[in-house]
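Please read the structure below before turning to the comments.
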Amino acid sequence: MTTSKPPDWAEKKTKQKVIVDQRRFLWHDDTVEKLAFWMGLTQGMHALDVGCGLGYVGRTFWNYFGEKGSYTGLDSSLPLLGEARKQSTEWVQGGESSFVQGNAKALPFPDGTFDLTVCQTLLMHSPTPDAFLAEMARVTRSGGTVTCFEPDNVTVMRSRHYLSFREPSINDELLFIRVHHHWAEGRKKLGLGDYSIGNRVPGMMQKLGLTDIGIRANDVVGLVQPPYDTPAMIFRLDQLRRQVAETEKRCKKRFNIDREFRKLFFAGGGTEHVWRKYAAMIRRHTIEQNDAMKKQLEDGAIYTCGGSCSFYCITGKKP
């Protein structure tokens with residue numbers, strides 16, 4: 001007798017792979033090397049990754065601190081920790097790793113335990129980012145480093161990319177920016193986090209008494225250009241194909257904008273008049289844009305270029 005996987009198992013595995021690949025192309029290899037130097041990473045350090053997910057930060061920087069060192073990943077999700085533990089066998093060499101379930105607001109470690117305490121896209125989702133950061137500083141030893149990888153996603157929404165399948169009018173662009181501004185404000189008001197938290201973290205570190213605070217920006221540019229001959233381009237091209245397929249499925253049904261997005265828009269001060277204009281614009285453009293994308297993908301002629309994210313590496317020293 002055989003047993004089948006739950007219906008959503010394959011979908012969950014696919015989403016996990018996409019997340020891993022996104023993280024894989026988040027930084028250039030030579031930029032990672034520079035960040036490791038700037039963060040003061042040395043072999044033998046003991047590092048804590050708060051909200052570790054699948055352990056991306058450990059995988060990325062292990063070669064710079066892991067020899068005779070250790071990596072501890074903490075997350076609230078047991079399934080993620082199980083998968084992270086399994087994947088860690090691919091990159092943990094010459095040192096030790098452990099994975100712990102816990103709450104970032106009350107880290108289960110004594111004061112001054114770690115040489116390096118990091119988080120990535122954790123504070124942006126928290127209604128209490130100051131409390132999370134204070135806990136990270138508490139468990140870091142004197143002279144150790146606290147590092148946060150956090151974004152300014154609101155600026156990304158306002159940035160202009162070149163897309164071969166779309167050339168929006170200035171009025172459409174301004175409407176898009178306005179709606180997403182209200183959406184981001186709604187997230188904050190409803191306690192779902194600040195999508196521009198990266199800009200606030202240096203000031204938060206200063207209030208906690210950390211010193212030598214600095215910030216570095218991501219230097220990846222999202223380029224997709226024939227002949228699509230790099231791993232990053234191949235991945236981005238696959239994302240565009242997935243986007244086209246998912247949009248086609250949505251368009252076969254009655255096209256509706258996500259209810260949660262609408263809720264956040266109004267919570268952030270949006271008006272019914274603006275929402276109706278935005279909804280009409282989205283419905284009008286979606287099918288046209290998707291058809292153009294599909295044709296260019298089939299013809300091998302699609303081209304995009306623009307900054308992929310305003311993503312920061314922010315560090316501070318504990319006195």
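Pairs are defined by a Cβ separation below 8 Å, a sequence spacing of at least 6 or placement on different chains, a first member in the range 264-285 that is of a type in the set (K, R), and a second member that is assigned to a helix (DSSP H, G or I); the pairs so defined are K277/L175. Within the range 261-286, which residues are modelled with pLDDT under 95, more than 28 Å from the chain's Cα centre (by Cα) and not basic (K, R)? The answer is A280, and nothing else.
Taking A184 as the residue in question, decide whether it is of a type in the set (G, A, S), assigned to a helix (DSSP H, G or I), within 16 Å of D49 (Cα to Cα) and in contact (Cβ under 8 Å) with a residue 12 or more places away in the chain. Spelling it out, it is not the case that A184 is of a type in the set (G, A, S), assigned to a helix (DSSP H, G or I), within 16 Å of D49 (Cα to Cα) and in contact (Cβ under 8 Å) with a residue 12 or more places away in the chain. Among the candidates S159, S164, S142, the residue that is of a type in the set (S, T, Y) and surrounded by 15 or more Cβ atoms within 10 Å (Cβ to Cβ) is uniquely S164.
Only residues that are at positive phi and either at pLDDT below 95 or under 20 Å from the mean Cα position of the chain (by Cα) (or both) were counted in the range 50-73, giving 3. Is it true that S196 is under 28 Å from Y278 (Cβ atoms) and surrounded by fewer than 17 Cβ atoms within 10 Å (Cβ to Cβ)? When the stated conditions are applied, S196 does not pass them.
The one condition from (1) crowded, with 19+ Cβ neighbours inside 10 Å; (2) touching a Ser or Thr at 6+ places or on another chain (Cβ under 6 Å); (3) part of a helix (DSSP H, G or I) that V118 does not meet is (3). Of the residues making up the range 215-241, those that are in contact (Cβ under 8 Å) with a residue 60 or more places away in the chain and assigned to a helix (DSSP H, G or I) are P231, A232, F235, R236, L237, Q239, L240. Considering only the range 77-93, how many residues are small (G, A, S) and surrounded by 17 or more Cβ atoms within 10 Å (Cβ to Cβ)? So the answer is 2. Out of everything in the range 298-310 that is buried (at least 16 other Cβ atoms within 10 Å of the Cβ) and either farther than 30 Å from Y195 by Cα or in contact with a Pro (Cβ under 7 Å, 6 or more places away or on another chain) (or both), what residue ends up being modelled with the highest pLDDT? Among those residues, the one meeting the criterion is S310. When the residues of the range 279-316 are filtered to those that are part of a loop (DSSP other than H, G, I, E, B) and among the polar types (S, T, N, Q), which remaining residue is nearest to L35 (Cα to Cα)? Across the range 279-316, the extreme among qualifying residues is S310. From the list A47, A106, the one residue that fits, being at pLDDT 95 or above, buried (at least 16 other Cβ atoms within 10 Å of the Cβ) and among the hydrophobic types (A, V, I, L, M, F, W, C), is A47.
Once the range 149-173 is narrowed to residues that are part of a strand (DSSP E or B) and not hydrophobic (A, V, I, L, M, F, W, C), the residue that is modelled with the lowest pLDDT is R166. Selection of the range 118-138 for residues being β-branched (V, I, T) and more than 18 Å from V57 (Cα to Cα) yields only T128.
For the range 96-114, which residues satisfy the criterion of being in contact with a helix residue (DSSP H, G or I) (Cβ under 8 Å, 6 or more places away or on another chain) and either part of a strand (DSSP E or B) or touching a residue at least 40 places away in the same chain (Cβ under 8 Å) (or both)? Passing the criteria: S97, F99, V100, Q101, A104, A106, L107. Selection over the range 200-228 of residues that are modelled with pLDDT under 95, buried (at least 17 other Cβ atoms within 10 Å of the Cβ) and closer than 13 Å to D152 by Cα gives a count of 1.
The values are calculated or read from the model by the stated rules, or taken from the named source; none is laboratory data. Computed from a predicted structure; not experimentally measured. All Cβ positions, glycine included, derive from the backbone under ideal geometry; neighbour counts span all protein chains shown.
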